[in-house]
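Below is one structure, written out as structure tokens; the observations come after it.
Please treat every number below as a calculation from the coordinates, not as lab data. Keep in mind that what you see is a predicted model, and the values were worked out from it rather than measured. Virtual Cβ from ideal backbone geometry, glycine too; neighbours counted across all protein chains shown.
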Amino acid sequence: MEIMRSSTRRTGILSYIALSFGPAWVAWAAVGAMGLGLDDPVIQLVTAAFIPAAAAVIVRRWITREGFADAGLRLGLRRHWRIYVFASALPPLILGIALLIAWAGGLWSPAATDWSQHLLFIAAIPVIPLLAMPIFFGEEFGWTAYLRDRLLPGRPVATTFATGLIWGVWHWPLPWVGYFGAQTSAWDAVIAMVLWIPLSVLLEFLIGFVWGRSGSVWPSTIVHGGGNLVVAAGLDTFTGSAMSITTSTVVYLLAMTPVVAATLLWGRWRTMPPRPHNAAVVSSADAGSRAHHR
């Protein structure tokens with residue numbers, strides 16, 4: 001298997017990070033300067049939701065010219081249907097664990113919840129991540145389908161951690177521009193920045209797991225969308241004001257931890273070595289030797 005030269009890979013990584021961070025942070029700063037808030041889903045979509053994907057397209061097409069052979073655009077549903085089922089099952093599983101943690105910790109009482117008010121949300125849980133796949137493609141086509149396998153090729157655990165770290169930092173401006181509402185204090189914003197790192201790292205491990213087994217970006221969009229719109233939204237829906245944003249995030253982290261640990265113990269972690277298109281490559285023997293190191 002051919003693998004990209006390190007100089008081309010490095011150019012692609014640096015270009016991608018610059019194109020992902022720069023426009024997104026400028027757009028978010030503009031939102032704050034105009035007195036708007038990123039708690040509005042429409043503003044989230046029109047500002048930076050698709051910037052990571054756009055950055056990946058620009059790098060692949062015009063900077064490294066490596067093309068889209070390894071971009072994971074195929075659904076691969078017939079071959080990898082089990083991965084789609086697994087990805088779809090993760091959000092309700094993690095939400096269930098999170099609610100158990102909140103209950104066991106005395107943070108929330110199921111008996112005090114009027115479940116009849118949430119029947120529509122409960123019924124929609126299986127389909128929400130599927131409907132949201134095109135939206136979360138905007139990030140996953142960049143962070144996972146482009147950056148992840150290029151940071152530390154052949155080392156799936158290490159490169160997943162590094163990707164999650166960078167992805168978490170990318171979110172840092174959000175709590176300062178109203179992502180959690182206009183009343184977010186400076187202290188809460190700082191705590192949110194800190195927690196965004198482990199949150200992104202753990203989520204990237206789940207995303208990377210389905211990506212490595214399917215080679216398709218679409219199961220990754222299911223995991224990401226489910227994390228936002230099922231787990232995070234579900235905690236807010238079911239617990240209401242019983243937990244703060246910080247507490248809810250910590251509960252989310254605790255709920256993801258055993259699931260991530262299970263995927264690590266499961267093993268067979270993989271990366272997809274970038275396949276160049278009209279770009280210089282090293283020998284297939286060298287590529288094979290790298291693929292056996294984490």
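Packing here is the average count of other Cβ atoms within 10 Å per residue, and on that basis the peptides 198-210, 149-161, highest first, run 198-210, 149-161. Of the residues MET34, MET133, the one with the fewest other Cβ atoms within 10 Å heads the list, and the complete ranking is MET34, MET133. Across region 131-150, no residue has a backbone nitrogen under 11 Å from the label position 7 Å along the beta-carbon direction of PHE68. How many angstrom separate the Cα center of region 136-164 from the Cα center of region 201-259? Cα centres, region 136-164 to region 201-259: 17 Å. About the centre of its Cα atoms, the chain shows a dipole size close to 1400 debye [charges on the beta carbon of Lys, Arg (+1) and Asp, Glu (-1) only; nearest 20 debye].
Name the residue, out of SER248, SER116, SER220, whose mean-square fluctuation peaks in a Gaussian network model built on the chain with Cα pairs under 10 Å. Of SER248, SER116, SER220, the most mobile in the Gaussian network model is SER116.
For the chain, complete DSSP H runs whose alpha carbons reach 24 Å or more along their own long axis and whose mean Kyte-Doolittle score is 1.6 or higher are 81-104, 245-266. Remark: HIS80, HIS224 ranked as HIS80, HIS224, counting other beta-carbon atoms within 10 Å and listing the fewest first. Residue order for TYR146, TYR16, fewest other beta carbons within 10 angstrom first, comes to TYR16, TYR146.
Using only the alpha carbon atoms of region 114-230, find the Kirkwood hydrodynamic radius as the inverse mean reciprocal pair distance, in angstroms to one decimal. Evaluated over region 114-230, this radius sits at 15.3 Å. Estimated from helical segments only, the mean residue ellipticity of the chain at 222 nm is -19500 deg cm²/dmol, where each DSSP H run of four or more residues counts as -39500 (n - 2.57).
Just name one of THR249, PRO173, ALA49: the one whose Cα is farthest towards the positive end of the charge dipole of region 1-273 (beta-carbon charges, Lys/Arg +1, Asp/Glu -1). The one lying farthest along the dipole's positive direction is ALA49.
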